[in-house]
Each structure stands twice: as C-alpha cells, then as structure tokens.
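S.K.: Structure below; questions to follow.
Any read-out appearing in this document is the output of simple, stated calculations on the displayed coordinates, not a laboratory observation. Owing to the predicted nature of the structure, the values given are computational and were not obtained by experimental measurement. Glycine also receives a Cβ, built like all others from the backbone with ideal geometry; neighbour counts cover every protein chain displayed.
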Amino acid sequence: MRRLANYFLRGLLIAAPIAVTGYLCWVAIRWVDSLFGTRIPGLGIAILLVGLTLLGAVASNYLTRSFIGLTDRLLERLPFVRLVYSSIKDLLSAFVGEQRRFNRPVRVELGPGEATFVVLGFMTSDALDHLGLSGYVAVYLPFSYSVAGHLIVVPADRVTPLAVDATDAMAFLLSGGVTRSAGPSGRR
C-alpha cells in the first residue's frame, strides 16, 4: 500500500505542474483571443506577436523615435499618468531592453561580526552620491514567488558580485532557492 501511495505522489508531482502550466497557458491564450474577438485558438497570440514586432520595427525608425520621445515626455508631465506610466516603463525596462537593470547579481553581507548573514539580490545602482550617500550602493532583493521586493542601501564594501548568469540568479531567487541554475553543461 505504501508503494502505491509513493507511485501516486510521484505521478502527482509530474502531472500537476504540467496540468497547471497547460491550463494557465490555455486561459491566457483564450483571454488574448477574446481581446481580438477571434474564435480560432491562438490567433490572438499570433496577432499580438506580429503587432508588437511591427511596432518595434516602426519604432526603430528615426522619425518614429522622435514621435515616441515626444509622447514619452508628454506622458511623464501629466499628474498621476506620470506615476503609472513611468513605473510600468521602468519595471519593464529593468527586465528587458537595452537598459536592463537586473543584470548584476550580488551577495550582500548584513549584520556585524559573528551575526553576519548573506542575502542575494541585484545591484541596481553603484553610486548614490546624488542622495548624499557616498560609498553606498543600491541592491534590489526580489521576493520569492512574487514580482515585489525590497531595495536596500548598503556600504559598497559589503557587496560582492556573483559569477553567475543573471537569469539563473533570478530564477533561483524567485523560486525560493528551489530552482538550480543550468550549469556549464546546460543540464539542471
């Protein structure tokens, strides 16, 4: 009986992540399809991908870039809109694009002497002189299973860069330390 229970739990550990992932993908596909009013599953995602790619191509044009810059400056001057727009823009650009900010994984030693413990995060600013904090750096500590986190300001000598890929470090942190990075062989 115990062996059957172990087989059941092993099967559950294999099937549950696949089923939940499949279900969430299906819900996302249906939601995007409903935005475009299509009844063909996946057509909405295809339209969205093509549309975003075309938008990126058009935005690469010099004339279009100046228009986008003008729109950007306008949105950043409007009360409340500025807060929402700049927050979303900064969050997205921190993860993707040319100005990625979560690309420097670090370890931070906190606490004095024997009580020192280590936290992992991403250095987001290596100079805080403009805040009157010379010799300090900003480190973002993401929460596990969340998009939220803490920003801490610590002396630069307490921060050590990690020799790991930023994507692997983010996966490790967001999974609560459960996900292991894919080593040199690419296997987990």
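S.K.: Which length gain, in nm to one decimal place, applies between Val118 and Ala171 when the Cα-Cα distance is subtracted from 0.36 nm times their residue separation?
M.R.: Residue separation times 0.36 nm, minus the Cα-Cα distance, leaves 17.3 nm.
S.K.: Count neighbours as other Cβ atoms within 10 Å of each site's Cβ, and list the chymotrypsin sites (Phe, Trp or Tyr not before Pro) in the range 1-94 that are DSSP loop with at most 11 such neighbours.
M.R.: Phe80
S.K.: Next question. 222 nm [θ] for the chain, helices only, -39500 (n - 2.57) per DSSP H run of 4+, per residue, to 500?
M.R.: Estimated from H runs of four or more residues: -16000 deg cm²/dmol.
S.K.: With a 10 Å Cβ neighbour count serving as the proxy for reagent exposure, in which order, fewest first, do Ser86, Ser134, Ser125 appear?
M.R.: Ser134, Ser86, Ser125
S.K.: Still on this structure, please answer the following. Per residue of the range 119-133, what does 6.51 cos²θ - 1.76 cosθ + 1.60 with θ = phi - 60° give for ³J(HN,Hα)? Whole Hz please, x for Gly and Pro, Karplus curve as stated.
M.R.: Coupling constants for the range 119-133: 10, 10, x, 10, 6, 10, 8, 9, 8, 10, 4, 5, 9, x, 10 Hz.
S.K.: Let me ask something additional. To the nearest 0.05, how large is the calculated FRET efficiency for Arg65 and Ser146 if R₀ is 35 Å and r is the Cβ-Cβ distance?
M.R.: It comes out at approximately 0.55.
S.K.: If each residue of separation counts as 0.36 nm, what is the full-extension length gain between Leu55 and Ala127 once their alpha-carbon separation is subtracted?
M.R.: Going from the current span to full extension adds 22.4 nm.
S.K.: What is the range 1-60 by shape, rounded, prolate or oblate, if you read a ≥ b ≥ c off the alpha carbon gyration tensor as root eigenvalues and call it rounded for a/c under 1.5, prolate for a/b larger than b/c, and oblate otherwise?
M.R.: Taking the square roots of the gyration eigenvalues as a ≥ b ≥ c, the range 1-60 is prolate.
S.K.: Assuming R0 = 41 Å, can you tell me the calculated FRET efficiency for the pair Arg73 and Val153, based on Cβ-Cβ distance, to the nearest 0.05?
M.R.: 0.90
S.K.: Would you please give the residues with an amide H less than 5 Å from that of Thr124, counting only those at least 5 places away or on a separate chain, with H modeled from the backbone geometry?
M.R.: So Thr124 has HN proximity to Ala138, Val139, Tyr140.
S.K.: A further question follows. I'd like the Karplus ³J(HN,Hα) series for the range 73-83: coefficients 6.51, -1.76, 1.60, θ = phi - 60°, whole numbers in Hz, and an x wherever there's a Gly or Pro.
M.R.: Couplings: 4, 5, 5, 7, 9, 7, x, 6, 4, 4, 4 Hz.
S.K.: Next question. FRET efficiency for Lys89 and Ile18, Cβ-Cβ distance as r, R0 = 30 Å, nearest 0.05?
M.R.: Given R0 = 30 Å and the Cβ-Cβ separation, E is 0.30.
S.K.: Test of understanding: in a Gaussian network model of the chain with alpha carbons linked when under 10 Å, which of Thr64, Thr160, Thr21 would top the mean-square fluctuation ranking?
M.R.: Thr21
S.K.: Can you find, among Val118, Met170, Cys25, the residue sitting farthest towards the positive end of the charge dipole of the chain, where Lys and Arg contribute +1 and Asp and Glu -1 at Cβ?
M.R.: Cys25
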